[in-house]
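Take a look at the structure below.
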Amino acid sequence: MPHFDVTDFLRQHIRTVPDWPAPGVQFRDITPLLQDPKVFRVLIDAFVHRYMDRAMRPDVVAGLDARGFILGSVVAYELNVGFVPIRKKGKLPFTTVEETYELEYGSATVELHADAVQSGDRVLLIDDLIATGGTMMAGKKLLERLGATVMEGAAIVDLPELGGSARLRASGLPLFTLVDFSGH
């Protein structure tokens, strides 16, 4: 049986949309990964198989707004652990903690329910893509403020030229990504 390369398989199903949302940007659209049941299963299984091992198993999966919710909730379900959403400011109904981070033009704020994790919880932090790393870094800070340990950050796509993965690793966060899009 021929070797099945998960990275190449997933890369073939990620759509590149040129000049969106601005001229010169090569947008990496992961929605085709979700539309085909076989592709979606390969994607989820790649994460589940990594975190199924006892040494890598989290207590909780935290997903970043919004595509991290799709991945994180399914991965948490498959691992039989809880899921917590890290949302954009103003979307959570209970007492929250918040973290503001810088964007290219301005800033954004994410929130987490104050009771979302317990001190000592090992948390897998997941999103669809790592660009500048600001959202994942803010999520990490929120979880750590509540006493959790972010054991790893995970994403489908890394855009290393934007510096986010290097910045996250420099902060001490181990990263696991499935597809690297260097250059254009």
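Residue-wise test of (1) open to solvent by 60 Å² or more (accessible area, probe 1.4 Å); (2) at pLDDT below 95; (3) of a type in the set (S, T, N, Q); (4) under 16 Å from the mean Cα position of the chain (by Cα).
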residue	(1), (2), (3), (4)
Val6	no, no, no, no
Ala22	no, yes, no, no
Asp36	yes, no, no, no
Leu43	no, no, no, yes
Val48	no, no, no, yes
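If you take the residues in the range 95-113 that are hydrophobic (A, V, I, L, M, F, W, C) and either without any contact (Cβ under 8 Å) to a residue 12 or more places away in the chain or farther than 28 Å from Val25 by Cβ (or both), which one is surrounded by the most Cβ atoms within 10 Å (Cβ to Cβ)? Taking the candidates together, the pick is Leu112. Scanning the range 8-25 for residues that are within 17 Å of Ser182 (Cβ to Cβ) and touching an Asp or Glu at 6+ places or on another chain (Cβ under 8 Å) yields Ile14, Thr16, Val25. Taking the numbered list (1) touching a Phe, Trp or Tyr at 6+ places or on another chain (Cβ under 9 Å); (2) among the small types (Gly, Ala, Ser); (3) open to solvent by 60 Å² or more (accessible area, probe 1.4 Å) in turn, Gly90 passes all entries but (1).
The set of residues in the range 1-57 being closer than 21 Å to Thr132 by Cβ and part of a loop (DSSP other than H, G, I, E, B) consists of Ile14, Asp19, Trp20, Pro21, Ala22, Pro23, Gly24, Val25, Ile30. For the range 135-177, the set of residues classified as over 23 Å from Asp59 (Cβ atoms) and crowded, with 20+ Cβ neighbours inside 10 Å consists of Val157, Asp158, Leu159, Gly164, Ser165, listed by residue number.
The values are calculated or read from the model by the stated rules, or taken from the named source; none is laboratory data. Nothing here was measured: the structure is a model prediction, and the numbers come from that model. Glycine gets a Cβ as well: all are built from the backbone with ideal geometry, and neighbour counts include every protein chain shown. These area figures cover heavy atoms from the full protein model, side chains too; ligands, DNA and RNA do not enter into them. Shrake-Rupley method; radii C 1.70, N 1.55, O 1.52, S 1.80 Å.
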